[in-house]
Amino acid sequence: MKVSGFTFIRNALKYDYPIVEAIRSILPLCDEVVVAVGNSEDDTLELVRSIDPKVRIIETVWDDSLRTGGRVLAEETDKAFAAIAPDADWAFYIQGDEVIHEKYLDIVRASMKEHLNNQQVDGLLFHYEHFYGSYDYVGTSSSWYRNEIRVIRNNKSIYAYRDAQGFRKGNNEKLRVKRVDAYVYHYGWVKPPEIMQRKQEDFPKLWFDDEWVKQNVEAVSEFNYEKHVKSLGPFRGTHPAVMRERIEASNWKFDFDPSFARKSMKDHLKRLAWILLRWDLNYRNYKLLP
């Protein structure tokens with residue numbers, strides 16, 4: 001079984017992406033990791049080059065005119081996927097702010113082997129933990145996506161969907177997936193407040209025009225995590241080993257009392273639907289196989 005990893009990145013240092021940790025977290029499962037490194041304003045290219053000999057870089061130029069629905073993120077994902085080894089069986093996708101805990105590696109490897117020859121399976125579906133404000137809290141509201149596809153078959157009819165959160169194939173067909181008992185740890189909302197604010201001002205430009213950004217993004221020096229917080233809960237597990245140095249170096253404070261967390265009516269209705277009727281009302285960009 002041959003496995004290729006793939007991802008994309010741009011301005012990793014400017015926006016404090018844990019891209020090194022993301023790539024290192026999947027390296028034990030991969031024969032190679034293809035990284036589409038976009039034209040950056042910092043030393044992202046040199047950073048990625050320093051990671052590991054199994055990392056193969058393709059240099060890309062982002063189309064900054066694509067300001068609808070984050071489409072440029074899907075284009076960059078597709079560039080990386082197209083460049084993986086043609087004889088790879090599976091492709092492991094990891095975004096620049098996602099990390100896999102080492103305790104899940106054997107589980108993921110076993111699942112890839114189990115479904116290797118079953119062509120009905122297009123990919124593997126992962127659970128998610130979304131960290132917010134600090135490494136101590138995770139999102140608990142329904143606005144956080146619970147699952148996504150992160151391992152796909154090396155089938156070139158598969159492509160990144162919308163803003164590259166997930167995938168589809170052929171003529172807009174959802175992928176058929178098997179659930180794997182493993183989590184992706186998403187750290188996109190854990191950054192120094194000044195860097196988080198910079199990201200909040202710049203990244204909406206991938207989705208909206210300048211006027212929308214001007215009207216909807218507050219221009220301040222630091223992002224106020226407390227002001228924007230939704231429902232959170234304490235994280236009671238351990239972080240991946242590759243994240244240890246980054247976590248120890250964090251130098252800002254975010255305190256939150258989970259007892260004050262208030263879930264929306266939508267959250268309560270979704271929870272009741274699941275408890276009483278086993279209806280999952282969350283958005284699904286996939287077909288879950290039994």
Residues located in the range 203-218, provided they are within 26 Å of the chain's Cα centre (by Cα) and either among the β-branched types (Val, Ile, Thr) or more than 15 Å from SER65 (Cα to Cα) (or both): TRP212, VAL213, ASN216, VAL217, GLU218
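Condition check ((1) in contact with a Ser or Thr (Cβ under 7 Å, 6 or more places away or on another chain); (2) among the basic types (Lys, Arg); (3) part of a helix (DSSP H, G or I)) across all residues:
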site	(1), (2), (3)
ILE84	yes, no, no
LYS113	no, yes, yes
LEU124	yes, no, no
PHE131	no, no, no
Test: residue in the range 96-109 that is under 25 Å from LEU175 (Cβ atoms), in contact with a strand residue (DSSP E or B) (Cβ under 6 Å, 6 or more places away or on another chain), part of a strand (DSSP E or B) and touching a residue at least 40 places away in the same chain (Cβ under 8 Å): yes
Selection status of GLY70, on the phi > 0 side of the Ramachandran plot and within 17 Å of the chain's Cα centre (by Cα): yes
Residues of the range 133-154 classified as in a strand (DSSP E or B) and among the acidic types (Asp, Glu), total: 1
Residue check, ILE19 surrounded by 21 or more Cβ atoms within 10 Å (Cβ to Cβ), among the hydrophobic types (A, V, I, L, M, F, W, C) and modelled with pLDDT of 95 or more: yes
Residues (surrounded by fewer than 20 Cβ atoms within 10 Å (Cβ to Cβ), closer than 28 Å to SER4 by Cα and modelled with pLDDT of 95 or more) located in the range 127-155: HIS127, TYR128, GLU129, ASN154, ASN155
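The values are calculated or read from the model by the stated rules, or taken from the named source; none is laboratory data. Everything numeric in this text was worked out from a predicted model, so none of it was measured. Because the Cβ atoms are built from the backbone with ideal geometry, glycine has one as well, and the counts that use them run over all protein chains shown.
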